[in-house]
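The values are calculated or read from the model by the stated rules, or taken from the named source; none is laboratory data. All values reported here derive from a predicted model rather than from experimental measurement. We place every Cβ from the backbone using ideal geometry, glycine too, and count neighbours over all the protein chains shown. Just the protein is used for accessible areas: all its heavy atoms, side chains included, with ligands, DNA and RNA removed. Shrake-Rupley method; radii C 1.70, N 1.55, O 1.52, S 1.80 Å.
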Amino acid sequence: MQVDPQMIKEAVCDVAGQLGFSDCRVAVAEPCLYGEEFLSWLGAGMNAGMEWLARTPQRRLDPRMVLEGCKSVICLSYDYGSLGGRSDEDGQICTYAHGKDYHEIIEEKLADVAELLELYGGCQRCYVDAGPVLERSVAQRCGLGWRGKSGMIVRKQGGSRFFIACVLTTLKLPADAPAKNYCGQCRKCVEVCPTNAILSTGLVDSRRCLSYWTIEHKGSIPVEMRPLIGNRIYGCDDCVGVCPWNKGGMVCKELRFSMSNKLKMMSLYELLALDDSGFATLFRATPIKRIKREGLFRNICVVLGNIGTEKDIKILKNLRINSQMVAEHAYWAINQIETRCFGERDLGQ
């Protein structure tokens with residue numbers, strides 16, 4: 001017996017709500033809204049060192065190339081907020097990375113959605129920010145939100161502090177209408193960006209984005225970018241924090257996304273004292289695990305170069321990690337601190 005597609009959609013939305021998703025909508029499986037724009041962005045090199053984005057780019061532009069017979073894309077939002085983070089002097093971590101890795105948490109929930117769709121005869125593929133799907137295009141197409149000037153998907157209720165998940169299915173479900181863009185003349189996200197990475201057209205030049213340099217980039221951070229990193233040891237929340245639709249913030253309902261009390265209280269010095277085992281234990285199943293101990297130490301050295309004082313010089317000189325890259329950033333930090341504290345002088349003396 002054939003089941004009414006509207007009934008299937010309602011069942012999926014009901015289950016999604018029970019699983020903690022804040023919204024569930026459907027888009028027709030069609031080519032990406034911004035296909036040519038995406039290809040131009042790649043052609044200009046704005047993906048920086050994220051080479052995987054340029055692999056088979058045409059596949060990203062049409063979900064039907066990812067799942068044969070795909071007719072609909074179910075787009076879901078999962079909110080995150082904050083129950084408090086670290087103090088400014090201890091280094092900032094962007095809100096989405098305060099707790100456990102969202103990929104594993106949401107993928108578990110998507111498996112339940114896919115299982116339901118299988119009962120109705122559908123074949124599915126599920127993605128959470130880690131597959132060949134341009135989730136933001138889908139989110140805009142189905143009205144989950146609109147694409148803001150910062151490139152983030154924004155909603156009237158809850159702003160942009162949410163993760164986007166997509167379920168590609170061979171079932172044909174009733175589609176939702178796009179959302180109206182309510183950014184208007186506001187340019188706060190563009191103006192607050194410390195590196196002018198936001199192009200105000202919904203595109204971000206990753207070559208200037210601090211989230212790219214502190215998370216995605218694996219090597220040495222360019223000297224000209226280091227002062228702009230400020231006190232950020234992982235990611236950047238400036239464009240999110242200044243958005244009027246995020247005013248007041250959101251309370252984190254998923255406690256696994258909250259920062260542990262231990263990480264809240266750890267100083268930069270205590271983080272720099274972590275050995276491999278300590279790092280693995282502290283950041284197990286968290287987004288920060290992906291930059292590894294070497295990446296964290298590199299970032300902390302840059303932060304100390306920006307906000308450190310004379311007492312930090314000894315700590316930087318005695319770093320216990322076998323990494324030429326970290327040593328380079330530590331020396332830069334020492335140079336910055338000594339210049340700030342003692343003025344220009346010959347550091348080789």
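So which lysines pass the test for Lys100, namely a Cα distance under 27 Å, with those fewer than 8 places away in the same chain ruled out? Within reach: Lys109, Lys156, Lys218, Lys247, Lys253, Lys262, Lys264, Lys289, Lys292.
Computed extension length for Asp4-Lys188: 61.7 nm, one decimal, from 0.36 nm per residue of separation with the Cα-Cα distance subtracted. Coupling constants for the stretch 105-111 follow from the phi torsions by the Karplus curve (6.51 cos²θ - 1.76 cosθ + 1.60, θ = phi - 60°), and in residue order they are 5, 6, 4, 4, 6, 5, 4 Hz; glycine and proline get x. Under the convention that each Lys and Arg Cβ holds +1 and each Asp and Glu Cβ holds -1, the size of the dipole of the chain around its Cα centre is about 360 debye. Ranked from largest to smallest solvent-accessible area, with a 1.4 Å probe on the protein heavy atoms, Trp245, Trp213, Trp146 come out as Trp245, Trp213, Trp146.
Amide H contacts under 5 Å for Phe162: Tyr80, restricted to partners 5 or more places along the chain or on a different chain, H placed in the peptide plane at 1.01 Å from N. Here are some values of Cα extents along the principal axes in Å: (1) 95, 50, 32; (2) 104, 46, 40; (3) 84, 39, 38. Which one was computed from this structure? Read-out taken from this structure: (3). Give the residue list of trypsin sites (Lys or Arg not before Pro) in the stretch 1-70 that are DSSP loop and have at most 15 other beta-carbon atoms within 10 angstrom. Of the trypsin sites (Lys or Arg not before Pro), the ones in loops of the stretch 1-70 whose Cβ has at most 15 other Cβ atoms within 10 Å are Arg55. Checking every one of the GluC sites (Glu not before Pro) in the stretch 280-349 against DSSP loop status and a limit of 12 other Cβ atoms within 10 Å picks out Glu310, Glu344. Overall, the anisotropy analysis places the stretch 1-152 in the oblate class: the square-rooted eigenvalues a ≥ b ≥ c of its C-alpha gyration tensor yield a/c not less than 1.5, with a/b not exceeding b/c.
If you sort Tyr120, Tyr234 by accessible surface, 1.4 Å probe, largest first, the order is Tyr120, Tyr234. Per-residue SASA remark: Arg125, around 100 Å² accessible (1.4 Å probe; ligands, DNA and RNA not included). Between the amide H of Gly143 and those of Ala179, distances stay under 5 Å, these residues lying 5 or more places away or on another chain, with hydrogens modeled in the peptide plane. Between the beta carbons of Lys311 and Glu108, assuming R0 = 45 Å, the FRET efficiency works out to 0.50 to the nearest 0.05. Of Gly148, Cys183, Phe162, which is farthest towards the positive pole of the stretch 106-254's charge dipole, taken about the Cα centre with +1 and -1 on the beta-carbons of Lys, Arg and Asp, Glu respectively? With unit charges placed on the Cβ atoms, the residue in question is Cys183.
Rounded to the nearest 20, the size of the Cβ-charge dipole of the stretch 1-67 about its Cα centre is 240 debye, with Lys and Arg at +1 and Asp and Glu at -1. Counting only DSSP beta bridges with both residues in the chain, tell me the antiparallel percent, nearest 5. The antiparallel fraction comes to roughly 90 percent. The modelled label-to-label distance for the pair Arg256/Asn196, using points 7 Å beyond Cα in the direction of Cβ, is 4.2 nm. Taking all protein chains together and rolling a 1.4 Å probe, Tyr182 ends up with roughly 90 Å² accessible. Only protein atoms count toward the accessible area here, which uses a 1.4 Å probe; on the chain, the carbon and sulfur part of that area reaches 51 percent.
The HN-Hα couplings worked out from phi for the stretch 30-37 by the Karplus form 6.51 cos²θ - 1.76 cosθ + 1.60 (θ = phi - 60°) are 9, x, 4, 5, 10, x, 5, 5 Hz, whole numbers, x standing for Gly and Pro. Estimated at the nearest 10 Å², the accessible area of Ile229 is 0 Å² with a 1.4 Å probe.
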